[in-house]
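Single-structure report; data block below.
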């Protein structure tokens, strides 16, 4: 959430940010109008309170009249203040100046590529066929048991799944990140605080409990970990590497990637999260550090990838700057997103009231950053398709062999 003072002082800039992110800029006018009404009422309320404080005990009649007027003003103030707070939740973050302006994914810019795209001397298979032949992925029974986009991972598929997650976790722990297992059931304020709500509410699973939702990423519960707290500057940065199951309705992706496990309703993820001082120069440093960590994981797996600088129309409402990292997937014949890397500035931390006390004693709102270290089973799509062989076997990436206990998964007879 943006500071109301910043919005009032930069109305045209905020409107342009709305346009660039494919949002309605007139919402800024609504915020300005409501802020003006609220300010006018607050001035009247404060004036009456000051007048009341100057009254003597003998001014009983005047005190009663002031009390009545204050009550009437409060009745007017409450709905205006609430409407303003609600409207503020829809104002997006302002992108950095170097973010490409674009309406959709066509405006994203490739900034780096790594690895050699494999050339097979046989017809490459899609991951769903490979998984079926090896008896490590079962989407048919998954759909029977779980519904659309349901799946089972079995045999070495289960070991690959857990192995790649553990590999990423261990790698980041060695880099000084604190490992955390995050809850998947979260309260509503968590999703507003992380910027998932109000925009992404239709993508979120709501439970039967009054205030319970399924998190779509560990970023959400981890951002709320310090909500309402003031940290010490000396203790920053805080670096988490968090594991959690993730749940997404994919309501906006009907008809996309309907086969296999590229796009599913539930998956597991290792997420990098950082909270640090409010400094845009450090922000640019952090997004590169987190990006490098994710790239190293793909390099360790020896999977070709490209890095995209996301444009305004494809980066999300809470984002200040964002990269997507896409792994090469032969069965798709193109790159597919496997990681994202984001600067949120104080957008999330302002909503969640996460402060830090500077060395000079001042209280400031912190900055937050997040990055997907690895998500599975989507990464299995890239592994299966890049490591397939002509004989139908699957070579296991070297770094994952200790977790699977073998070098090759042999093709099995279909059940």
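Which residues, counting only those in region 269-309, are assigned to a helix (DSSP H, G or I) and in contact with a helix residue (DSSP H, G or I) (Cβ under 6 Å, 6 or more places away or on another chain)?
Of everything in region 269-309, those that are assigned to a helix (DSSP H, G or I) and in contact with a helix residue (DSSP H, G or I) (Cβ under 6 Å, 6 or more places away or on another chain) turn out to be 297, 300.
Within region 86-192, which helices (runs of 4 or more DSSP H) (wholly inside it) include 3 or more residues that are within 21 Å of the chain's Cα centre (by Cα), assigned by TED's automatic domain parsing to the domain that holds residue 373 and touching a residue at least 24 places away in the same chain (Cβ under 8 Å)?
Ranges flagged: 156-174.
Of the residues that sit in region 141-156 and are more than 21 Å from residue 248 (Cβ to Cβ) and touching a helix residue (DSSP H, G or I) at 6+ places or on another chain (Cβ under 8 Å), which one is surrounded by the most Cβ atoms within 10 Å (Cβ to Cβ)?
The extreme case among them is 156.
Hey, among 249, 291, which residue is modelled with pLDDT under 95 and either surrounded by 17 or more Cβ atoms within 10 Å (Cβ to Cβ) or touching a strand residue (DSSP E or B) at 6+ places or on another chain (Cβ under 8 Å) (or both)?
249
Considering only residues that are out of contact with any helix residue (DSSP H, G or I) (no Cβ under 8 Å at 6 or more places or on another chain) and part of a loop (DSSP other than H, G, I, E, B), which ones fall in region 238-263?
The answer is 254, 255, 256, 257, 258.
State the number of residues belonging to region 317-335 that are assigned to a loop (DSSP other than H, G, I, E, B) and either closer than 18 Å to residue 263 by Cα or at pLDDT below 95 (or both).
So the answer is 4.
Is it the case that region 381-388 has a residue that's over 30 Å from residue 227 (Cα atoms), surrounded by fewer than 23 Cβ atoms within 10 Å (Cβ to Cβ) and assigned by TED's automatic domain parsing to the domain that holds residue 186?
Yes: region 381-388 contains one or more residues that are over 30 Å from residue 227 (Cα atoms), surrounded by fewer than 23 Cβ atoms within 10 Å (Cβ to Cβ) and assigned by TED's automatic domain parsing to the domain that holds residue 186.
Would you check if residue 30 is surrounded by 12 or more Cβ atoms within 10 Å (Cβ to Cβ), farther than 30 Å from residue 320 by Cα and either without any contact (Cβ under 8 Å) to a residue 12 or more places away in the chain or touching a helix residue (DSSP H, G or I) at 6+ places or on another chain (Cβ under 8 Å) (or both)?
no
Run down 145, 137 and say which single residue is in contact with a strand residue (DSSP E or B) (Cβ under 8 Å, 6 or more places away or on another chain), modelled with pLDDT of 95 or more and farther than 20 Å from residue 256 by Cα.
145
Is there a residue in region 63-79 that is within 30 Å of residue 196 (Cβ to Cβ), surrounded by 15 or more Cβ atoms within 10 Å (Cβ to Cβ), touching a helix residue (DSSP H, G or I) at 6+ places or on another chain (Cβ under 7 Å) and modelled with pLDDT of 95 or more?
Yes, because at least one residue in region 63-79 is within 30 Å of residue 196 (Cβ to Cβ), surrounded by 15 or more Cβ atoms within 10 Å (Cβ to Cβ), touching a helix residue (DSSP H, G or I) at 6+ places or on another chain (Cβ under 7 Å) and modelled with pLDDT of 95 or more.
The values are calculated or read from the model by the stated rules, or taken from the named source; none is laboratory data. Keep in mind it's a predicted model, so treat the numbers as computed, not measured. We place every Cβ from the backbone using ideal geometry, glycine too, and count neighbours over all the protein chains shown.
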